[in-house]
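Okay, structure first, notes after.
The values are calculated or read from the model by the stated rules, or taken from the named source; none is laboratory data. These figures come from a predicted structure and were not determined experimentally. Cβ sites come from the backbone with ideal geometry, for glycine too, and all protein chains shown count toward neighbours. To get the accessible areas, we keep the full protein, side chains included, count just its heavy atoms, and leave off ligands, DNA and RNA. Shrake-Rupley method; radii C 1.70, N 1.55, O 1.52, S 1.80 Å.
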Amino acid sequence: MILSQPIYHIITNTIMSDISASTQAIRATAILSLLLWTKVLAVNTGLGGAKNNAGGRAPEDTYQKSSNDVTDEAKVAQDRAQRMVNNDLENIPYTMALAWGSVYCISAADRGGTQVGKSYALAHIVMYSVFVACRIAHSVVYSRGWSTARSLVWAVGVLCSFGIAINGAIASFKIP
């Protein structure tokens, strides 16, 4: 049964298929970037709803609640949603750029026909997957107000960002 297999085995079998390691890393980066962008869109949509409920949209948006109908809870929810969006803006674009730059270096290192790219590709896929999972988890725990969990998933995500950058930098020295 696939659930009983170690994750490493599943990932290495994917990387070691007939498709090159760099192609696998590119595909994984594309899929993970799409997933991450979908999460960003969902969080931004949540901010729009929170602003609507708190009367925080542009004045011409007459469908929003008026200042007389707004509760303190709605204002707190808007503030939390805005902080979630701000945190995404402070973390996601930079890591996406690092991920695509890293995968470029991995791909270039893999072009030499050596097997060097496999380990870098695997590390890239794992770290970017963990980063994306952390950003999704960050939004969930942030929306629930769980500060310790929020800090933990943020820190793991930041470590993955550095790991992605370092992995790409090291791979760049393997480019033939």
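Specify the residue that is farthest from the chain's Cα centre (by Cα); the eligible residues are those in the stretch 147-163 that are open to solvent by less than 50 Å² (accessible area, probe 1.4 Å) and over 11 Å from M127 (Cβ atoms).
Per the criteria, the residue is A149.
Report, ordered by the first and then the second residue, all pairs with beta carbons closer than 7 Å, sequence separation of six or more or different chains, a first member in the stretch 43-65 that is at positive phi and at pLDDT below 75, and a second member that is open to solvent by less than 60 Å² (accessible area, probe 1.4 Å) and part of a loop (DSSP other than H, G, I, E, B).
none
Report every pair of residues separated by at least 6 positions or lying on different chains whose Cβ atoms are under 8 Å apart, first residue within the stretch 109-127 and farther than 12 Å from I170 by Cβ and among the basic types (K, R), second at pLDDT below 90 and open to solvent by 30 Å² or more (accessible area, probe 1.4 Å).
Hits for this filter: R111/I175; R111/P176; K118/M16.
Would you mention how many residues in the stretch 65-97 are open to solvent by 70 Å² or more (accessible area, probe 1.4 Å) and either polar (S, T, N, Q) or outside any loop (DSSP other than H, G, I, E, B) (or both)?
Total satisfying the criteria: 12.
Quick one: A123 ticks every box in (1) of a type outside the set (D, E); (2) out of contact with any helix residue (DSSP H, G or I) (no Cβ under 7 Å at 6 or more places or on another chain); (3) closer than 22 Å to R27 by Cα except a single one, so which number is it?
Of everything listed in (1) of a type outside the set (D, E); (2) out of contact with any helix residue (DSSP H, G or I) (no Cβ under 7 Å at 6 or more places or on another chain); (3) closer than 22 Å to R27 by Cα, A123 misses just condition (2).
Among residues belonging to the stretch 34-64 that are in a helix (DSSP H, G or I) and among the charged types (D, E, K, R), point out the one that is most open to solvent (accessible area, probe 1.4 Å).
So, considering only residues that are in a helix (DSSP H, G or I) and among the charged types (D, E, K, R), the one most open to solvent (accessible area, probe 1.4 Å) is K51.
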